[in-house]
């Protein structure tokens, strides 16, 4: 563990984080974490904790964390989609080479409905993008 402590700690929670100021002021170098705010990634809202007032340094650190967190979540979301594509390919291979009739019967309707729904959304979104490109061009 590094001897230098970060000035802030962000405890991840749904849609954001609780923000703590980190200090080690006593002789035993005990770490103290004092909650200063709660942030919401989706709305961009920063709520000071209790009666606290956030200074410009606090707000700058929080805004920087929020931007970095949004980037991490966006990258994870795309990665999850690519993993879903991999799973679809593995499912096709399983259905073709390993699945029993009983297994296929158990999953076919659910898979077909999910794939149909996904196809409809993708086709509609592509059509919307094409129409937008034509109207702008």
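Every number here is computed from the coordinates shown, using simple stated rules; none is lab data. All figures in this text were calculated on a predicted structure; none of them were measured in a lab. Cβ placement follows ideal geometry from the backbone for every residue including glycine, while neighbour counts extend to all protein chains displayed.
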- line: Rounded to 0.05, the calculated FRET efficiency for the beta carbons of residue 18 and residue 60 at R₀ = 22 Å is 0.75
task: Compute the length gained on full extension between residue 73 and residue 100: take 0.36 nm times their separation in residues and subtract their Cα-Cα distance, giving the result in nm to one decimal.
output: 5.9 nm
query: Using the alpha-carbon atoms, what tilt in degrees (0 to 90, nearest 10) does helix 101-136 show relative to the longest principal axis of the chain?
result: 70
query: Sorting 82, 9, 20 on the 10 Å Cβ count, fewest up front, what's the list?
result: 82, 9, 20
query: So if R0 is 22 Å, what FRET efficiency would residue 9 and residue 29 give, r being the distance between their Cβ atoms, rounded to the nearest 0.05?
result: 0.85
- prompt: Which value in deg cm²/dmol, rounded to the nearest 500, describes the helix-derived mean residue ellipticity at 222 nm for the chain, given -39,500 (n - 2.57) per DSSP H run of n ≥ 4 and division by the residue count?
  reply: -21000 deg cm²/dmol
message: Under 10 Å, Cα contacts only: if you run a Gaussian network model on the chain, which one of 126, 52, 63 comes out with the highest mean-square fluctuation?
response: 126
field: Likely footprinting exposure, 65, 94, fewest C-beta neighbours within 10 Å first
entry: 94, 65
- prompt: By count of other Cβ within 10 Å, fewest leading, how are 23, 110 ordered?
  reply: 110, 23
field: GNM flexibility winner over the chain from 83, 69, 29 (Cα, springs under 10 Å)
entry: 29
message: Please report the equivalent ellipsoid semi-axes of the chain, computed as sqrt(5 x eigenvalue) of the Cα gyration tensor, largest first, in whole Å.
response: 46, 24, 13
